[in-house]
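Visitor: Mind looking over this structure? Questions follow.
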Amino acid sequence: MHHAQDAAAVGELSALRQEFYRCLTRRADALFELADAVLCADGPVRSVAELSLAGEHRRGHGSGYAALARGRVDFDRLRTALAAVPLPRAADGRLVLAVDVTCWLRPEAHTCPQRILCHTYGRGKDQHIMVPGWPYSVVVALESGRHSWTAPLDAVRLAPGDDAASVTARQIRDIAERLITAGHWSPGDPEILLVADAGYDGPRLAHMLADLPVVVLVRMRSDRVLRRPAPPLRPGPSPGRPRRHSDEFAFGDPATWGEPDITLETTTRLYGPALIRAWDRLHPKLTSRTAWARHTGDLPILEGTVILLQVERLPSGAIPKPV
C-alpha cells in the first residue's frame, strides 16, 4: 500500500485479502498462509519447506506441498478483484498499463510441460542465451514518478506456438472490459495508455484494440522503415491507379525524415538537454508474408505518430542512442 498509515488504505488492503481468500476454492487456509509467507519471507524463496519456517505459515511443510498440488484458485474472480481496487494513475488522471513478458526459467525441469526457449540477458559477458522456461505475459498499472510501485492486474502463461500479439490483445481486451465494469474508465475520460517494449508489434496491437478506448505506445526498433500517406489523385480524366503508400521514413536514414510536425526541447536532471521530435501519420507497409497472412481483403493502413527522443548523457556513462 502506498500510504499504509491511512486507515482507508488499510481497509482497502483488508477487503482485498478477504476477497483473495474467497478466490481460493480448495485448500484455502493453506494457500492463504503460503501467500502471506511468500510476501513476508526475508529474502528470496527457494523452496516450499523454507516457507513453513515463516511466522505467517502456521502449518507443517507437508501442508504447503499438498496445497500446491491439490489447491484450486478461481482466477476469473481474482482478476476481477484486482481490477476493482483503487488503481494508480498518471499525472493527468489517465490509466497507464504496461505489458511485458517475464520468464520463469526451468532449465532442469525436463518433465515440466509446455516449456519454451526463453531469451535471457546477463548470464555471461555480452551473451544472450536461450534457456528453457515458462514465459508469462504480465500487465500492471503504472503511475507517475521515479519508483517501482506497480499494481499487477493479470498474468498469462504463453504456450508453445502462441502468437504474443494475439495473446496480449486478448489479455488487454479482458482487462479493459474489467476496468470499465469496475468504473475506472467512463466515456469522456482520457483513453487508456498501453506501454510496451520493442518486442511487440505496435501497429498490429492498435489494429486489434481499435474498438477499445486504448492508445498504444511502443518502442520501435532502429531499423524500421515506415511510409507516409499516399498523395491525392492527379487531376484529369485519367488519374491512374490510386497509391496506398508514399515516400519512405527510414529510422536509420535521417535524410528521409523531413521536417517534424512537433519539436520540443527541455532539460532533465539525469539526462541533460533532451530533444523531442514527432512525425504524424506514418504507417508500416504490411505484407501477407508476416502475421497478416490470414487477413482477408486489402491489408489495412495503420497510421500513427513516431516520437524520437534524443538526450545528451546517460547516468551509466554509456553513449545515448535515439529512442
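The values are calculated or read from the model by the stated rules, or taken from the named source; none is laboratory data. Quick caveat: nothing in here was measured; it's all calculated off a predicted structure. Please note: Cβ atoms are built from the backbone with ideal geometry, for glycine as well, and neighbour counts cover all protein chains shown.
Visitor: Residues being among the polar types (S, T, N, Q), surrounded by 10 or more Cβ atoms within 10 Å (Cβ to Cβ) and more than 23 Å from Leu205 (Cα to Cα): count how many of those fall in segment 283-323.
Guide: Of the residues in that region, 1 qualify.
Visitor: For segment 118-134: of the residues being within 20 Å of the chain's Cα centre (by Cα) and modelled with pLDDT under 90, which is surrounded by the most Cβ atoms within 10 Å (Cβ to Cβ)?
Guide: In this case the residue turns out to be Cys118.
Visitor: For segment 188-229, how many residues are surrounded by fewer than 16 Cβ atoms within 10 Å (Cβ to Cβ), touching a residue at least 24 places away in the same chain (Cβ under 8 Å) and outside any strand (DSSP E or B)?
Guide: Of the residues in that region, 10 qualify.
Visitor: Looking at (1) crowded, with 18+ Cβ neighbours inside 10 Å; (2) within 13 Å of the chain's Cα centre (by Cα); (3) farther than 16 Å from Tyr136 by Cβ, which one does Gln171 not meet, given that it meets all the others?
Guide: (3)
Condition check ((1) acidic (Asp, Glu); (2) touching a residue at least 12 places away in the same chain (Cβ under 8 Å); (3) at positive phi) across all residues:
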position	(1), (2), (3)
Leu24	no, yes, no
Ala30	no, yes, no
Ala41	no, yes, no
Val45	no, no, no
Gly60	no, no, no
Ser63	no, yes, no
Arg70	no, yes, no
Val73	no, yes, no
Asp76	yes, no, no
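Visitor: May I pose another question? Output the residue which, of all residues in segment 296-314 that are touching a strand residue (DSSP E or B) at 6+ places or on another chain (Cβ under 9 Å) and of a type in the set (Val, Ile, Thr), is modelled with the lowest pLDDT.
Guide: Checking each candidate, the answer is Ile301.
Visitor: Right, another one. Only residues that are outside any loop (DSSP other than H, G, I, E, B) and exposed (fewer than 13 other Cβ atoms within 10 Å of the Cβ): list them for segment 249-272, please.
Guide: If the condition is that a residue be outside any loop (DSSP other than H, G, I, E, B) and exposed (fewer than 13 other Cβ atoms within 10 Å of the Cβ), then Pro254, Ala255, Ile262, Thr263, Leu264, Glu265, Thr266, Thr267, Thr268, Gly272 are the ones that fit.
Visitor: Under 8 Å by Cβ, and 6 or more places apart or on different chains, what pairs join a residue from segment 244-263 that is under 21 Å from Leu286 (Cβ atoms) with one that is of a type in the set (A, V, I, L, M) and not in a strand (DSSP E or B)?
Guide: Hits for this filter: Arg244/Ala230; Arg244/Ile301; His245/Ala230; Ser246/Ala230; Phe251/Met220.
Visitor: Counting only residues that are surrounded by fewer than 16 Cβ atoms within 10 Å (Cβ to Cβ) and of a type in the set (A, V, I, L, M), give me the helices (runs of 4 or more DSSP H) lying completely in segment 18-105 with at least 2 of them.
Guide: Counting at least 2 such residues, we get 28-40, 61-70.
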